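What follows is a set of notes on a single structure, which appears directly below.
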Amino acid sequence: MDWFRSRLGRLGGRKTERIPTSVPPGEVVYAIGDIHGRADLLRTLLKRIEADAAKAPDLKLRLIALGDYVDRGSESNGVLDILGGLARQGGDAMTALKGNHEEALLGFLADPSTGPAWAEHGGRETLVSYGVTPPRGTGDIEAWTGIRDAFAKVLPAEHLAFLKSLQLFATVGDYIFVHAGLRPGMPLDQQDERDMLWIRQEFLDAPVWIDQVVVHGHTPRPEPEERPHRIGVDTGAYATGVLTALRLEGDQRSFIRTGA
Ligand SMILES: [Mn+2]
């Protein structure tokens, strides 16, 4: 892929400079990183966001959740309750994006043969949070069909409606919000859903190729990661206890987080 990289380098040309980026005047945006079943941290972070927003009551508030709400942590049920409620109340003030783990949950509802793989990547904890006990080991397809049916029965209609409402990306001012990232070298309208939910290194290491900055989750880091073309907000909440939100106002950026 050397030809591709060198071409991107020519297109980019601004490897270290920060692109001038801002959100529209009069708005404050909070973009929340990967929650992964940590309803406790989400509640704490939302309180901190509420306190921060109260300092500037005239600004129009926008919340953007960057996906991966479920799996791994023990309270996926609780997380979908909170976010679904915000989405129903919030109108255009609340944007919830789709992560690869929401895709996996919806995939399991459609096709129970995906159960063992999903369970192994954190879906087991999601099922348990809804009171459904998955088979030991991989189990057989009949067992997983039974689990799918049991899960579909207990999953609240509001949770399912929320999961089906998730967007792939959002733009505000000079920022693009997406769960995993974008395929380097491609304009936004030619991006593929699979890349937006799954891409890692090719995006993370890419030079600048568009005039916007991508705000994303998906790849956990000990600290939020600010690069010329992207800002990574996933601080591995389910394992670290640190859930992070990026705050944007005018051309200013800062971070709000749980934990120390
Ligand atoms: Mn992810």
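Within the range 159-182, being in contact with a helix residue (DSSP H, G or I) (Cβ under 9 Å, 6 or more places away or on another chain), within 16 Å of the ligand (Cβ to nearest atom) and within 23 Å of SER22 (Cα to Cα) holds for LEU168, PHE169, VAL178, HIS179, ALA180, GLY181, LEU182.
Taking the conditions exactly as written (closer than 21 Å to ASP234 by Cβ, open to solvent by 10 Å² or more (accessible area, probe 1.4 Å) and within 14 Å of the ligand (Cβ to nearest atom)), does ALA87 satisfy them or not? In short, no. Whenever a residue of the range 185-202 is modelled with pLDDT of 95 or more and of a type in the set (Lys, Arg), its partners that are assigned to a loop (DSSP other than H, G, I, E, B) and within 11 Å of the ligand (Cβ to nearest atom), lying with C-beta atoms within less than 8 angstrom and at least six residues away or across chains, give the pairs ARG200/ALA180; ARG200/GLY181; ARG200/HIS218; ARG200/THR219. Are any of the residues in the range 204-223 among the acidic types (Asp, Glu) and over 26 Å from ASP52 (Cα atoms)? Checked the range 204-223: at least one residue is among the acidic types (Asp, Glu) and over 26 Å from ASP52 (Cα atoms). State yes or no: is ASP211 touching a residue at least 60 places away in the same chain (Cβ under 8 Å) and over 20 Å from the mean Cα position of the chain (by Cα)? Yes, satisfied. Does ILE147 qualify as being more than 30 Å from THR44 (Cα to Cα), open to solvent by 10 Å² or more (accessible area, probe 1.4 Å), away from the ligand (no atom under 16 Å from the Cβ) and part of a helix (DSSP H, G or I)? For ILE147, the condition - more than 30 Å from THR44 (Cα to Cα), open to solvent by 10 Å² or more (accessible area, probe 1.4 Å), away from the ligand (no atom under 16 Å from the Cβ) and part of a helix (DSSP H, G or I) - is met.
Taking residues in the range 46-72 that are farther than 19 Å from TYR175 by Cβ, and partners anywhere that are aromatic (Phe, Trp, Tyr) and open to solvent by 20 Å² or more (accessible area, probe 1.4 Å), the pairs with Cβ atoms closer than 9 Å and at least 6 places apart or on different chains are ASP71/TYR238; ARG72/TYR238. Among the residues making up the range 53-77, those that are in a helix (DSSP H, G or I) and more than 19 Å from LEU106 (Cβ to Cβ) are ALA53, ALA54. With a requirement of 1 or more residues that are open to solvent by 20 Å² or more (accessible area, probe 1.4 Å) and either among the β-branched types (Val, Ile, Thr) or more than 23 Å from PHE108 (Cβ to Cβ) (or both), the strands (runs of 3 or more DSSP E) lying completely within the range 158-260 that satisfy it span 169-172, 225-227, 244-249, 252-257. The numbered conditions (1) more than 19 Å from ALA180 (Cα to Cα); (2) out of contact with any Pro (no Cβ under 6 Å at 6 or more places or on another chain) are all true for LEU105 except (1).
Of all residues in the range 201-227, those satisfying the criterion of being touching an Asp or Glu at 6+ places or on another chain (Cβ under 7 Å) and away from the ligand (no atom under 16 Å from the Cβ) are GLN212, VAL213. When restricted to residues that are more than 16 Å from the ligand (Cβ to nearest atom), among the aliphatic types (A, V, I, L, M) and open to solvent by 50 Å² or more (accessible area, probe 1.4 Å), the range 90-138 contains 2.
Quick one: would you say ASP34 is outside any helix (DSSP H, G or I), crowded, with 24+ Cβ neighbours inside 10 Å and either more than 16 Å from the ligand (Cβ to nearest atom) or within 21 Å of the chain's Cα centre (by Cα) (or both)? Spelling it out, ASP34 is indeed outside any helix (DSSP H, G or I), crowded, with 24+ Cβ neighbours inside 10 Å and either more than 16 Å from the ligand (Cβ to nearest atom) or within 21 Å of the chain's Cα centre (by Cα) (or both).
The values are calculated or read from the model by the stated rules, or taken from the named source; none is laboratory data. As the structure is a computational prediction, the values presented were derived from the model and not from experiment. In this analysis, Cβ positions are derived from the backbone assuming ideal geometry, glycine residues included, and neighbour counts consider all displayed protein chains. Protein only, heavy atoms only, side chains kept; ligands, DNA and RNA dropped before computing areas. Shrake-Rupley method; radii C 1.70, N 1.55, O 1.52, S 1.80 Å.
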